[in-house]
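Participant: Take this structure first; my questions come after.
Since every read-out is calculated from the coordinates, none of them should be taken as a lab result. Just so you know, these numbers come straight off a predicted model, no measurement behind them. Counting neighbours? That spans all protein chains shown, and the Cβs are built from the backbone with ideal geometry, glycine included.
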Amino acid sequence: MLLAPAYGWLTLAVFLPLGAMLFFSFLKAAPFGPRPLQFTIDNYLAFARRPYLVGVAWTSVEIGLWTTGLCAILGLPAALALARATRGRSQQVLFLLIVLPFWTNGLVRIFSWTMVLREGGVLDYALHLVAPSAPTFSLLYSFPAIIIGLVHAYLPYMILTCYLSAAAIDDAYIEAARSLGARAPIIFAKVVLPLCLPGLISGSILIFVPVIGSFMEPRILGGRIGVTMGTIIEDQFVQAFNWPLGAALSFTMLGAVLLVFALARGFPRRLLSA
Amino acid sequence: MTALGRTYLLAILAFLYLPIAVMIAMAFNNSELYTLPIEPSTRWFIRLASDQPLLSASRNSLLIACATSIIATLVGAMAALALERKQFRGRTLLRLLLLPPIAIPWLIIGTAMLVFFFWTGIGRGLHALLIGHVALAIPYVVFIVGPGLQTIRVDLEEAAMSLGSTPMHAFFTVTLPLWLPSVIAAALFAFAVSLDQFVISYFLSAPGVSTLPVEIYSSIRKGFTPEINAISTIFLAVSSVLILIFAQLSNLGSRRGSR
Amino acid sequence: MVPVEARSINKLYSGARVLDRVSVTFGSGLLTSLLGPSGSGKTTLLRIIGGFIAPDEGEIRFGDENVTSVPLWKRKVGMVFQSYALFPHMTVAENVAFGVNRRGIRGEAARKETARALELVRLGGFEQRKPKELSGGQQQRVALARAIVTQPRVLLLDEPLSALDRRLRQDMQIELRRIHRESGLTTIFVTHDQEEALTLSDSVAILDRGRIVQEGAPADIYERPRTRFAASFLGDANFFTGRATPEGVETAVGLLRSSDPLPPAGAPATIAVRPEKLRIFPIGAAGTDARADNMVAAVVVETVYAGAVSTVLLESADNASIRVLTQNREATAHAPGENVVLSWSATHSVVIQD
C-alpha cells in the first residue's frame, strides 16, 4: 500500500528505537557483553540517588522558562509589527528574512555568538571604541550567554506562530473596540492578546520542548557552568557509556514534555473562559 | 505607531543577523584568532580546498541531503496521497504518528536511534545517517504536500477517468502536474532539513564518517579553525537560494489547481 | 444510441438508505431529468449510472449490456460535473481532446474532432485559451464539448446550470436543448430546479428520499401528479382533503368533482388543483360560471403582483389557504376582503395519493 514505506521507515527509525530505549532504561547495564540481563528501576530513581540531578533538572527548566519568556516578550511585538505595520512586498521580504536564519547552521551561529560575547570579541571591541579605559568585558561562559544563544536560535519560531495568529485578526475587532471608546493599551490587552494566545502557546511549546533538551548551546556558551539535562544525557551516551541511565533520563524528560503538551491543550480553554 | 513597529522589526532583524554577519565577516578576516579590526582576506576559503576532514564531511552532508530529499519526498508523497485521498479508519491516528519526529526532542530520538542501531547491528555511519535523516524528513514532507494535494479537486481525476483514463493515468496526467510545485517544495525543504541536521547526525556518525555540522561541533570543541566560517558562509548561500526557490514555489502552488 | 436502464438500485451510506429499489429507464436518444430536492439521491443515482460509485444492489444496463461491474474508465460515458472539472493546466483544445486521445486518436484526426465539438458548443476559435481565462458559461460549454466529443453511450450532467446567473441559465437551457438535438445522445440531467426540468426534458423522473415518485413526460406529470410530493415539488398546488363518495370527494368546502377514478366510497381522498386552473368570479356577478364542475367560496387575502402574472392569495370557508395564478390581461385587481367564487372543471381536479 501507499502508506507502507513511510510508516515502515518511521517504525524502523523512530518507534522501534524508542521502544528499545524504553527497554534499556530498565536494565542495569548495557546488554553488550557476556553478563546476563539484569532489570532494575534504579535508573528512574536517579533523581533520588543523585541529588545533583535535581539541580541540573531545575537549571534546564529555568533555561527553558527564561528562553520561552524572552522569546514571547520579544517575539509577539515583532509578529504584531510584521502583521499590521507592513504590507505586500515588504511584508513578504521581511517574513523571508525572519525565516532565513532557520537555515543557517545552528552551530556556527552559536560559535559566532562566542566571537561576539567573549573577551576581545565584538561587544568588547565596541565598548572599547567608546570607552577605552573600561575593563575587558566578557559575557561568555555565563547563564545569560546561554539564554542569549537560545533566544537567538528560537525567536523565529515564536515570531512565526504569533504572526499566524496576528495576521488572522480581523481589523473589524479593533475598529469595534475603538468605536466603543477603548484606548490602545486596553485594545491590546482585551482584543489583541487573547486572539494571539494560540500563537503564543504553540510557539511556547515549539520552543520550550527542544530547549530543555538542548546541549549544544549550554556547552559552547556556558562552558563549565553549562550543565543541563541535555548535556548530562549526552554524556551518558558519549562518555560515561551508561546507556540505561541515559535512556531513563531521556524518558523522564519525554514524560515532562508530554506533560507540557497535555497542559497546553487544556490551558487556552481555561484561560479564555475566565 | 507603524513607524515604531517597523523600527522594532528592524531591531529584531539586526539581533537575528548579528552572529550571521559576524560569521561572514570573520570568513573574510585575515586574523586567525578573530581579532578585530577586520583585515579582508580570502585565505580561509583557499585553505578549505585542502582541508580533508571538512571537505569529506561536506561531501557526506550533500550526499545524504540529496538522498534524503529524494527518498523522503517519494515516501512522504505516497503517504500523503493515502492520507488525503483515501477514507479509512485510523486516519487521524496515523496522522498523529507523524508527530513524534518533530515533537520529541531530537536528543531523545538521536540517542534512541544510536541505542537501537547498535543493538541490532545496524551500527553507525552513512547508512545509519541516511535512515535517521529520512525518518526526520518524512513528517515535514507529508505536512507540506498534504495541503497542496487538498487544493486539487478530486473531480479532476474523476473527469479524466470518465474520459477513459485508468486511475494511474489520471494521476500522472492530471494530479501530479498540479501537485508538482508542492512536491518540489517539500523536496527542497527535506534537503535543507537534512543539510542542517546536527543532533541526530551527532549520535549516528562514526569516526571518520560524519556530516558537516558534526565536524563543526568537534572543531569547536577542539579549537575552531576559521575555515569553518568560510564553509558555513558557502552553505548559508546555498540554503538561502533553496529557501528562495521554496518560497517562490509555495506561492505558485497555492494559485494553480484550484478553480 | 441505446436506452439506459437502472434496475432495483439500492445504495446505503453509513446505514442510511440513499437509494431504495430505484428502477428507471432512460429512453434512447432522449433527455431525461432526475428531479428532486437535495438529499433525494439523484446525484448518487447519476454517479452510479456513470460508474463513479458502485451500487450495493441492482444493475445498470446500457441496452442489452450489463455494465454494473464495468469500471468507470471503460464505460464510455460522458460526464459534465457541477464544477466543470476542467483541467487547469491544459488548454481548451487539450481538455476537449483528452478523451479522444485516450481512444488512440491523435494528431490531425484529433484536432478535427476537437474543432467540430467546439463548433457544436459555439466556441470555435477558443482552442488555445486556458480555463481560467473563460467565463462560467464558456467553461461549461468546454466541459460539454469534452464530454460529447468521444460519442459516449450516455451523457450525464450534474446540475450543470446551478452555478450560472439567471439570464445565462436561461440562455444555456436553450443551448442545451439544441446541443442535445444535434448530438442525439441519451442524456441524463440532474437538477433541483423544476422549471429547468420542465423546459429541457423529454422525460422527468422525480425522486424523493431515495425513491422514484413519478416518471413521465413533463406535461403529463405536471397535469396529473400522482402524489402530494410530486404535486408540490413540480409546480404549485392547492390541496383539498375529504372522503370519497360515488360522485366526488366530500370536503369541508363542498363536494368536489374529478374526472379521475375515485377511491372506494368512505376512503380518505385528496384533490389537487393547479393555481392557474382556478378562475375567480366576484359573488353574484353576472357571468358566474354556473356550469362549472367545482365551485368554492373564498375571501381574498392579498394579491401579489409580478408583472405578467399575479398570484391571488385567498382563504376558504375552513380557513385553508388557496392560491390562484392569473394572467394580467386586464387590469382587474381583487381587493382584500372581497368575497369571491373560485371555479374549475372536473378534469383539473387531480386525485392524488399522499
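Participant: Set the Förster radius R0 to 25 Å, insert the Cβ-Cβ distance between A:LEU258 and A:MET1 as r into 1/(1 + (r/R0)^6), and round the FRET efficiency to 0.05.
Facilitator: 0.25
Participant: In Å, what is the Rg of the alpha-carbon atoms in the stretch B:116-203, and how long is Dmax?
Facilitator: Rg then Dmax for the stretch B:116-203, in Å: 18.1, 55.
Participant: Among A:ALA177, A:LEU80, A:PRO198, whose Cα projects farthest towards the positive end of the dipole of chain A, with charges put on the beta-carbon of Lys, Arg (+1) and Asp, Glu (-1)?
Facilitator: Among A:ALA177, A:LEU80, A:PRO198, the one farthest towards the positive end of the dipole of chain A is A:ALA177.
Participant: Assign unit charges at the C-beta atoms only (+1 for Lys and Arg, -1 for Asp and Glu), then state the dipole size of the protein assembly as shown relative to its Cα centre in Debye, rounded to the nearest 20. Walk me through the numbers on the way to the answer.
Facilitator: Values: 75 positive and 60 negative charges, 324 e Å.
Value, rounded to 20: 1560 debye.
Participant: Oh, and also: Taking the convex hull of the Cα atoms, report for chain A its projected area averaged over all directions, in nm².
Facilitator: 22.3 nm²
Participant: Also, quick follow-up: Over all alpha-carbon pairs in the protein assembly as shown, figure out the percentage whose distance exceeds 57 Å.
Facilitator: I get 35 percent for the Cα pairs in the protein assembly as shown exceeding 57 Å.
Participant: Tell me the label-point distance for the pair C:MET1, C:ARG329, using the 7 Å Cα-to-Cβ offset, in nm and rounded to one decimal.
Facilitator: For C:MET1 paired with C:ARG329, the spin-label model returns 3.7 nm.
Participant: According to the square roots a ≥ b ≥ c of the eigenvalues of the Cα gyration tensor, what is the shape class of the stretch B:1-95, taking rounded for a/c under 1.5, prolate for a/b larger than b/c otherwise, and oblate for the remainder?
Facilitator: Numbers: a/c = 5.11, a/b = 1.50, b/c = 3.40.
Oblate shape, in that a/c is at least 1.5 and b/c is the bigger or equal ratio.
Participant: Starting from 0.36 nm per residue, how many nanometres of slack lie between C:GLU302 and C:THR245 once their C-alpha separation is accounted for?
Facilitator: 17.2 nm
Participant: For a label point 7 angstrom out from the Cα of B:THR7 toward its Cβ, which stretches of the stretch A:76-108 have the backbone nitrogen within less than 18 Å?
Facilitator: A:77-82, A:84-86, by backbone N distance to the label point.
Participant: Go ahead and collect, in residue order, the members of the stretch B:56-77 whose backbone nitrogen is under 11 Å from a label point 7 Å along the Cα-Cβ direction of B:SER240.
Facilitator: Flagged as within label range: none.
Participant: Follow-up. With n ≥ 4 as the cut-off for DSSP H runs, can you work out [θ] at 222 nm for chain C, using -39500 (n - 2.57) per run divided by the number of residues, rounded to the nearest 500?
Facilitator: Counting only the DSSP helices, I get -7000 deg cm²/dmol.
Participant: Report, in listed order, any pair from B:LYS86/C:LYS11; C:LYS11/C:LYS74; C:LYS11/C:LYS132 with a Cα-Cα distance greater than 25 Å.
Facilitator: Values: B:LYS86/C:LYS11 20 Å; C:LYS11/C:LYS74 22 Å; C:LYS11/C:LYS132 36 Å.
Those over the limit are C:LYS11/C:LYS132.
Participant: Enter the per residue convex hull volume of the stretch B:52-257, computed from alpha-carbon coordinates, in Å³ rounded to the nearest integer.
Facilitator: 131 Å³
Participant: Return the distance in nm (one decimal) between the two label points of a simple spin-label model at B:LEU74 and C:ASP165, each offset 7 Å from Cα along Cα→Cβ.
Facilitator: 5.2 nm
Participant: Now for a separate question. Give the calculated FRET efficiency between A:SER138 and A:ALA176 to the nearest 0.05, with a Förster radius of 45 Å applied to their Cβ-Cβ distance.
Facilitator: 0.30
Participant: Calculate the mean, over all residues of peptide C:205-211, of how many other protein chain Cβ atoms lie within 10 angstrom of the residue's Cβ.
Facilitator: Working: counts 0, 0, 0, 0, 0, 0, 0.
Neighbouring Cβ atoms belonging to other protein chains average 0 per residue here.
Participant: Under 17 Å from a point 7 Å along the Cα-to-Cβ line of C:GLU182: which residues of the stretch C:124-160 have their amide N that close?
Facilitator: C:124-127, C:138-152
Participant: Using r as the Cβ-Cβ distance of C:THR199 and A:ILE169, and R0 as 45 Å, what FRET efficiency do you calculate, to the nearest 0.05?
Facilitator: So, using R0 = 45 Å, E works out to roughly 0.35.
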